[in-house]
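**Q** Following this message is one structure expressed as structure tokens.
Here, each number is a calculation from the coordinates, and none is a lab measurement. Quantities reported herein were computed from a predicted structural model and do not represent experimental measurements. Here the Cβ positions follow ideal geometry from the backbone for every residue, glycine too, while neighbour counts run over all protein chains shown.
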Amino acid sequence: MSIKPDRWIRRMAMEQAMIEPFEEGQVREGVISFGTSSYGYDIRVADEYKIFTNVYSAVVDPKNFDPQSMVDFKGDVCIIPPNSFALARTVEYFRIPRSVLTICVGKSTYARCGIIVNVTPFEPEWEGFVTLEISNTTPLPAKIYSFEGIAQVLFFESDEECEISYADKKGKYQYQQSIELPKLEG
């Protein structure tokens, strides 16, 4: 497996619509950067959020997540409460090739403010908008800027295709169109 450089990312985005919309260069002026980087792609956060709330004192249970634990918010700036988190989605829609796996890491600008972005790998043949988990680890409210960079996706291509892709196993988060809360299959 090898990490792929910017020219590979550009080619895959243009020829196979791997990333839509696609920013061929790196946009930096006056914003937290996004677009193609040396060995990855800096994704943007959309203006749709689900902010965690403890109003109902619910237990956070990944097998039975209570949607009342989240408050919907839409706007250019999202304020995440201290020691809390929000779910969001990317601006970009992804179509991952069968021989590719991605790893996504938060941008250093946010990390240096105590804001951590957690995203699971995009498996081979996964498709959709990415659900992002943005944690505010500080004792102060934290600002997230919509339509600006939030994390970087690194692309790893194997010498051969996987035997069973995310599409083959009919993954539960395939074709995401919005922010997806945790769910069990079936």
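**Q** Once you list every other residue whose beta carbon is under 10 Å from the beta carbon of residue 147, what net charge do they have if Lys and Arg are +1 and Asp and Glu are -1?
**A** Values: positive: 44; negative: 47, 76, 148.
That works out to -2.
**Q** Still on this structure, please answer the following. Give the separation of the Cα centroids, the range 113-167 to the range 38-57, in Å.
**A** One Cα centre to the other: 10 Å.
**Q** Take the Cα radius of gyration of the range 29-131 and divide it by 2.2 N^0.38 Å, with N its residue count; two decimals is plenty.
**A** Output field value: 1.20.
**Q** Residue 172: which lysines have alpha carbons under 20 Å from its alpha carbon, excluding same-chain residues fewer than 8 sequence positions away?
**A** Cross-link targets: 50, 63, 183.
**Q** Calculate the radius of gyration of the Cα atoms of the range 63-186 to one decimal place, then report Dmax, the largest Cα-Cα distance, as a whole number, both in Å.
**A** 15.6, 47
**Q** For a quick check, take a GNM of the chain with Cα springs below 10 Å and name the residue from 128, 35, 25 with the largest mean-square fluctuation.
**A** Comparing 128, 35, 25 in a Gaussian network model of the chain, the most mobile one is 25.
**Q** Convert each backbone phi in the range 117-125 into a coupling constant with the Karplus relation 6.51 cos²θ - 1.76 cosθ + 1.60 (shift: θ = phi - 60°), then list the ³J(HN,Hα) values in order as whole Hz, x for Gly and Pro.
**A** Coupling constants for the range 117-125: 10, 10, 9, 6, x, 8, 6, x, 6 Hz.
**Q** For residue 33, enumerate residues with amide H under 5 Å from its amide H, sequence gap 5+ or separate chain, H modeled in the peptide plane.
**A** 149
**Q** Here's something else I'd like to know. Against the longest principal axis of the chain, how steep is helix 6-16, in degrees 0 to 90 to the nearest 10, with axes from Cα atoms?
**A** Approximately 90 degrees, to the nearest ten.
**Q** At R0 = 22 Å, how high is the FRET efficiency between residue 162 and residue 17 if r is their beta carbon distance? Nearest 0.05 is fine. Don't jump to the answer; show the numbers that get you there.
**A** Values: r = 20 Å, r/R0 = 0.93.
The pair residue 162/residue 17 has a calculated efficiency of 0.60.
**Q** What list of ³J(HN,Hα) values in whole Hz, one per residue of the range 83-100 in order, does the Karplus curve 6.51 cos²θ - 1.76 cosθ + 1.60 (θ = phi - 60°) give from phi, with Gly and Pro shown as x?
**A** For the range 83-100, the Karplus-derived couplings read 6, 9, 8, 9, 9, 8, 9, 7, 6, 7, 9, 10, 10, 8, x, 5, 9, 10 Hz, x marking Gly and Pro.
**Q** Between 176, 152, 16, find the one with the highest GNM mean-square fluctuation for the chain; connect C-alpha pairs within less than 10 Å.
**A** 16
**Q** Within the range 127-141, which residues have the backbone N less than 20 Å from the label spot 7 Å out from residue 177 along Cα→beta-carbon, could you tell me?
**A** Residues passing the 20 Å test: 127-132.
**Q** What is the set of long-range amide H partners of residue 83 at a cut-off below 5 Å, with H atoms built 1.01 Å from backbone N?
**A** Amide H neighbours of residue 83: 138, 140.
**Q** Under 10 Å, Cα contacts only: if you run a Gaussian network model on the chain, which one of 90, 36, 138 comes out with the highest mean-square fluctuation?
**A** Among 90, 36, 138, the largest mean-square fluctuation in the Gaussian network model of the chain belongs to 138.
**Q** Let me check I have the definition right: for the range 1-71, take the eigenvalues of the Cα gyration tensor, multiply each by 5, take square roots. What are those semi-axes in whole Å, largest first? Provide the component values of the computation, followed by the final result.
**A** Numbers: eigenvalues 258, 52, 24 Å².
For the range 1-71, the semi-axes come out at 36, 16, 11 Å.
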